[in-house]
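Below: the structure, in structure tokens.
The numbers here are math on the coordinates, done by the rules we state, and not lab data. Everything numeric here is computed off the predicted structure, so don't read it as measured data. Neighbour counts are summed over all protein chains in view; Cβ atoms, including those assigned to glycine, are modelled from backbone coordinates with ideal geometry.
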Amino acid sequence: MRWDYAPDALRIDIDASARLNEYLNAPHTLLLAVFQSADAKAFRQLADDPDRLRMTLAAGGPAADFIQTTRYVVAPGQHVALSIDRAQQARYVGIVAGYYDADGPRAARLFEVPLRIDKRGWFSSTYRAAPRTLELKLRLGAQSITDAREAPLNLPPPGARAWTALDSGAKTLALPSADANEGGSGKRDKRGNAAARAPRKQ
């Protein structure tokens, strides 16, 4: 099977808590790094080494042992989509959120590029596998990644004017905040998730 380059084949919905990367009772921006590799071992070794993980996030250039590295700064309360080209030979996608105090298990997630299986023929069926677009939902809490999973995303096509090109080659798209979708209360619980409003007394 061929693992060819594919434009905009990695799309991530990023929803950050208003208390993102909280330190000394104040929220801060956070550096999000997306690593593409041909095997899972390289990312697991990185996530298991806190010192190397911090150094890799702080470095500005491509990370060693990875095919491609994309960095993006997330602000507290931001809800944004990222569209990234899948590099040639990339079979795994690792995500690291650069929290002040988080270790690998709380700040890193690894995903395998999914496959699309095509069936051909009526009497003698043949099957062909090919990589397909990886779509992820990522929730960033105050101190750790609170949710990271593969899920279908309802986003404009990559060529739409709503997307903004970044220097890294990726594209970004501002999305409605979770608070706006839930009535604009703006209130969140201790984990940074949108909190439900109690009904008013009549």
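Key figures
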| item | result |
| --- | --- |
| Highest-first arrangement of 114-120, 144-150, 100-106, where packing means the average Cβ count within 10 Å | 144-150, 100-106, 114-120 |
| Ranked list, fewest to most other Cβ atoms within 10 Å of each Cβ, for K137, K171 | K137, K171 |
| Under the Karplus curve 6.51 cos²θ - 1.76 cosθ + 1.60, θ = phi - 60°, whole-Hz ³J(HN,Hα) for the range 21-36, x wherever Gly or Pro sits | 6, 5, 8, 6, 6, 9, x, 9, 5, 9, 8, 9, 10, 10, 9, 10 |
| Relative exposure of H79, H28, judged by other C-beta atoms within 10 Å (fewest first) | H28, H79 |
| For the chain, Kirkwood radius (reciprocal of mean inverse C-alpha pair distance, Å) | 18.2 |
| Dimensions (Å) - the range 7-122, Cα atoms, principal axes, largest first | 64, 29, 24 |
| Aspartates and glutamates with Cα under 17 Å of K171, excluding same-chain neighbours fewer than 8 positions away | D8, D13, D15, D85, E135 |
| Fewest-first sequence of Y99, Y5 by Cβ atoms within 10 Å of each Cβ | Y5, Y99 |
| DSSP beta bridge pairing in the chain, given as percent antiparallel to the nearest 5 | 85 |
